[in-house]
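Enquirer: Take this structure first; my questions come after.
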Amino acid sequence: MGRGANLWLYRSLLAGLLPVAAPLLWGQARWKGKARPPLRERLAPRLEGHPPGGLWLQAVSVGEVELARRLVAELGQRAPGLPLLLTSTTASGLALARRTLGDRLPVLPCPLDLPWPTARLLDAARPRALVLVETELWPELLHQAARRNLPVVVVNGRISDRALGRYLAVRRPLGALLEPITQVLARAAEDAERFAAIGVPAERVRAVGDIKFDLEPSPEPLPFGDAVRRWAGDRPILVAGSTLEGEEAAVLDAVAALGGPERVFLLLAPRHPERFPAAAGLLAERGARWAARSRLELAPAAVDVLLLDTIGELGRAYQLGTAAFVGGSLTARGGHNPLEPAVWGVPVVSGPHVANFRDAYDQLLAVAGARLVADGGELTRALRIWFEDLPAAAAAGGRARAVVDSNRGATARIVAELLAVVGSAGRGA
């Protein structure tokens, strides 16, 4: 079955499921307190007065938006007049993009992957290339780009263990739908091999490095940095970031086993905004003296836990840590980015499930800049080693930072490729 037949089947399934899925997703979002971009905006994104001939960057959520921000900064230096458009799929990704980039370029919800929303935005933007950050393989968007002879480049391309199995299960129809992809600039050789395995022609795929190693944290002072240092006093600070359900409890148990809040100050940052109330409830249930980042003016004089209930500040908050626990790893979710604390010279401890960042963890583990633990008991023991020997913790953090420094350069390589694509597309127009 060719691309046309597969696309027709995909459209039929999506259009048929939309009337059922939309109210279910809306209800689920309300129940869980999870924000979603309004459906009407995803069906008909508006873009007026945008100059043609630039790049459309699609970044699904917060992590991908961070990568897009680094690309935008590099593009601004190398091609300051190039028009840019950024779209994001999630409400949190949109919020971060609008707050950090909204004064520099248009930021819109990613259109729903149906013919008329994607065509409308492509026709309004008239880009010279479409840039998909990490793994945004939307068949309709790819098809609409191909209809316009628009180059499609996947940057920082990655395919997780879990996603690989799903893609391979539908490899035959998927391969035809992926035909419009012009180039995949993958994070690592393993990712490049996986893109080829799911049907992207191998000659269009190569590994160029991971932008995450280039994410230099903002030098802007933390609004709550002085308060945390004052509250912590001479206690070591544990920054527990991107935690998922069950991990907050494990971290609090570890802090208790290390001597409780009298011995350790905790900065706790759940991964998803809808989990902020649950984390707050857990802190209240444990009788912790805690404050919320969003309501610092209401904080008591003495605080043992700061709940980071905001988006986009965790990367900078890691600088406060004596050590960092990076979540999504005690539960089988593949882990989150250990380079965010490593760039500050903060050593990392995580659970065993880190497949999403295997290469980064392999390098950090090789220099003892990170530790992996099986459960909460091992988490306590790993933290005790660093908290009872602060020079050893600082040395481990220095080795973690050295790993980051030794891997820099992917952003410059990717931007050079994008500008070559833009130039080629411009000559072909």
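The values are calculated or read from the model by the stated rules, or taken from the named source; none is laboratory data. Nothing here was measured: the structure is a model prediction, and the numbers come from that model. Please note: Cβ atoms are built from the backbone with ideal geometry, for glycine as well, and neighbour counts cover all protein chains shown. To get the accessible areas, we keep the full protein, side chains included, count just its heavy atoms, and leave off ligands, DNA and RNA. Shrake-Rupley method; radii C 1.70, N 1.55, O 1.52, S 1.80 Å.
Enquirer: Return the residues of region 152-167 that are over 15 Å from Pro201 (Cα atoms) and open to solvent by less than 40 Å² (accessible area, probe 1.4 Å); say none if nothing qualifies.
Expert: Val155, Asn156, Ile159, Ser160, Ala163, Leu164
Enquirer: Determine which single condition Arg401 fails, assuming it passes every other condition in (1) among the basic types (Lys, Arg); (2) over 29 Å from Gln77 (Cβ atoms); (3) at pLDDT 95 or above.
Expert: Answer for Arg401: the failing condition is (2).
Enquirer: List pairs: first in region 248-270 and over 22 Å from Gly315 (Cβ atoms), second among the polar types (S, T, N, Q), Cβ under 7 Å, 6+ apart or cross-chain?
Expert: Final answer for the pair search is Ala254/Thr380; Ala257/Thr380; Leu258/Thr380.
Enquirer: For the condition open to solvent by 30 Å² or more (accessible area, probe 1.4 Å) and touching a helix residue (DSSP H, G or I) at 6+ places or on another chain (Cβ under 9 Å), what is the one hit in Ala73, Ala79, Ala97, Ala119? Outline the logic, then answer.
Expert: Values: Ala79 fails: open to solvent by 30 Å² or more (accessible area, probe 1.4 Å); Ala97 fails: open to solvent by 30 Å² or more (accessible area, probe 1.4 Å); Ala119 fails: open to solvent by 30 Å² or more (accessible area, probe 1.4 Å).
One residue alone meets the criteria, Ala73.
Enquirer: Given the conditions (1) open to solvent by less than 70 Å² (accessible area, probe 1.4 Å); (2) modelled with pLDDT of 95 or more, which single one is not true for Asn356?
Expert: Failing condition for Asn356: (2).
Enquirer: Do you know which residues across region 385-395 are surrounded by 15 or more Cβ atoms within 10 Å (Cβ to Cβ) and touching a residue at least 60 places away in the same chain (Cβ under 8 Å)?
Expert: Trp386, Phe387, Ala393
Enquirer: Gly157 passes all but one of (1) over 20 Å from the mean Cα position of the chain (by Cα); (2) on the phi < 0 side of the Ramachandran plot; which number fails?
Expert: (1)
Enquirer: Go over the candidates Gly63, Gly49, Gly33, Gly53 one by one and state the one that is among the small types (Gly, Ala, Ser) and modelled with pLDDT of 95 or more.
Expert: Numbers: Gly63 fails: modelled with pLDDT of 95 or more; Gly49 fails: modelled with pLDDT of 95 or more; Gly33 fails: modelled with pLDDT of 95 or more.
Gly53 is the lone residue from the list that is among the small types (Gly, Ala, Ser) and modelled with pLDDT of 95 or more.
Enquirer: Conditions: (1) at pLDDT below 95; (2) farther than 19 Å from Leu141 by Cβ. Ala79 meets all but one. Number of the miss?
Expert: Failing condition for Ala79: (1).
Enquirer: Next question, about the same structure. Would you say Glu378 is among the acidic types (Asp, Glu), more than 30 Å from Ala73 (Cα to Cα) and part of a helix (DSSP H, G or I)? Lay out the reasoning, then the answer.
Expert: On the way: among the acidic types (Asp, Glu): yes; more than 30 Å from Ala73 (Cα to Cα): yes; part of a helix (DSSP H, G or I): yes.
For Glu378, the condition - among the acidic types (Asp, Glu), more than 30 Å from Ala73 (Cα to Cα) and part of a helix (DSSP H, G or I) - is met.
Enquirer: Looking only at helices (runs of 4 or more DSSP H) that fall completely inside region 219-337, which ones have 3 or more residues that are among the hydrophobic types (A, V, I, L, M, F, W, C), touching a helix residue (DSSP H, G or I) at 6+ places or on another chain (Cβ under 9 Å) and closer than 19 Å to Ala370 by Cβ? Give the derivation first.
Expert: Working: elements: 225-232, 247-257, 276-285, 314-317.
Correct list: 247-257.
Enquirer: Give, as residue ranges, the helices (runs of 4 or more DSSP H) completely inside region 70-186 that count at least 1 residues that are within 17 Å of Arg46 (Cα to Cα), free of Cβ contacts under 8 Å to residues at least 60 places away in the same chain and of a type in the set (Asp, Glu).
Expert: Details: elements: 91-101, 115-125, 139-147, 161-169, 171-177.
By residue number, 115-125.
Enquirer: For Arg371, which of the numbered conditions (1) under 27 Å from Asp234 (Cα atoms); (2) without any contact (Cβ under 8 Å) to a residue 60 or more places away in the chain; (3) in a helix (DSSP H, G or I) fails to hold?
Expert: (3) is the only condition that Arg371 fails.
Enquirer: Here is a check on your reading of the model: is Arg263 of a type in the set (D, E, K, R), modelled with pLDDT under 95 and either open to solvent by 10 Å² or more (accessible area, probe 1.4 Å) or within 21 Å of the chain's Cα centre (by Cα) (or both)? Step through it out loud before you land on a result.
Expert: On the way: of a type in the set (D, E, K, R): yes; modelled with pLDDT under 95: no; either open to solvent by 10 Å² or more (accessible area, probe 1.4 Å) or within 21 Å of the chain's Cα centre (by Cα) (or both): yes.
Here the answer is no, as Arg263 does not meet what is asked.
Enquirer: Would you mind finding the one in Gly345, Gly321 that is open to solvent by 10 Å² or more (accessible area, probe 1.4 Å), within 23 Å of Arg235 (Cα to Cα) and in contact with a Gly (Cβ under 8 Å, 6 or more places away or on another chain)? Please lay out each step first, then the result.
Expert: Numbers: Gly321 fails: in contact with a Gly (Cβ under 8 Å, 6 or more places away or on another chain).
Going through Gly345, Gly321 in turn, the sole match is Gly345.
Enquirer: Would you pick out the residues in region 82-93 that are open to solvent by 10 Å² or more (accessible area, probe 1.4 Å), over 13 Å from Leu71 (Cβ atoms) and modelled with pLDDT of 95 or more? Before the answer, list the steps.
Expert: So the first thing to find is which residues in region 82-93 are open to solvent by 10 Å² or more (accessible area, probe 1.4 Å), and the list is 82-84, 89-92.
Restricting the remaining residues to those that are over 13 Å from Leu71 (Cβ atoms) gives 83, 89-92.
Hit for region 82-93 is Pro83, nothing else.
Enquirer: Taking Gln144 as the residue in question, decide whether it is more than 20 Å from Leu185 (Cα to Cα) and polar (S, T, N, Q).
Expert: On the way: more than 20 Å from Leu185 (Cα to Cα): yes; polar (S, T, N, Q): yes.
Yes: the conditions hold for Gln144.
Enquirer: Residue by residue through region 39-60, note down the ones that are among the small types (Gly, Ala, Ser), part of a loop (DSSP other than H, G, I, E, B) and surrounded by 19 or more Cβ atoms within 10 Å (Cβ to Cβ).
Expert: So the first thing to find is which residues in region 39-60 are among the small types (Gly, Ala, Ser), and the list is 44, 49, 53-54, 59.
In the following step, the residues that additionally are part of a loop (DSSP other than H, G, I, E, B) were identified as 44, 49, 53-54.
Hit for region 39-60 is Gly54, nothing else.
Enquirer: Which number in (1) more than 16 Å from the chain's Cα centre (by Cα); (2) of a type outside the set (A, V, I, L, M); (3) closer than 18 Å to Leu320 by Cβ marks the one condition that Glu247 misses?
Expert: Of the numbered conditions (1) more than 16 Å from the chain's Cα centre (by Cα); (2) of a type outside the set (A, V, I, L, M); (3) closer than 18 Å to Leu320 by Cβ, the odd one out for Glu247 is (3).
Enquirer: Right, something else. Just the residues that are free of Cβ contacts under 8 Å to residues at least 60 places away in the same chain and touching a Phe, Trp or Tyr at 6+ places or on another chain (Cβ under 8 Å), please, taken from region 304-325.
Expert: Those that are free of Cβ contacts under 8 Å to residues at least 60 places away in the same chain and touching a Phe, Trp or Tyr at 6+ places or on another chain (Cβ under 8 Å): Val305, Leu307, Asp309.
Enquirer: (1) modelled with pLDDT of 95 or more; (2) open to solvent by 10 Å² or more (accessible area, probe 1.4 Å): which one isn't true of Thr310, the others all being true?
Expert: Among (1) modelled with pLDDT of 95 or more; (2) open to solvent by 10 Å² or more (accessible area, probe 1.4 Å), Thr310 violates only (1).
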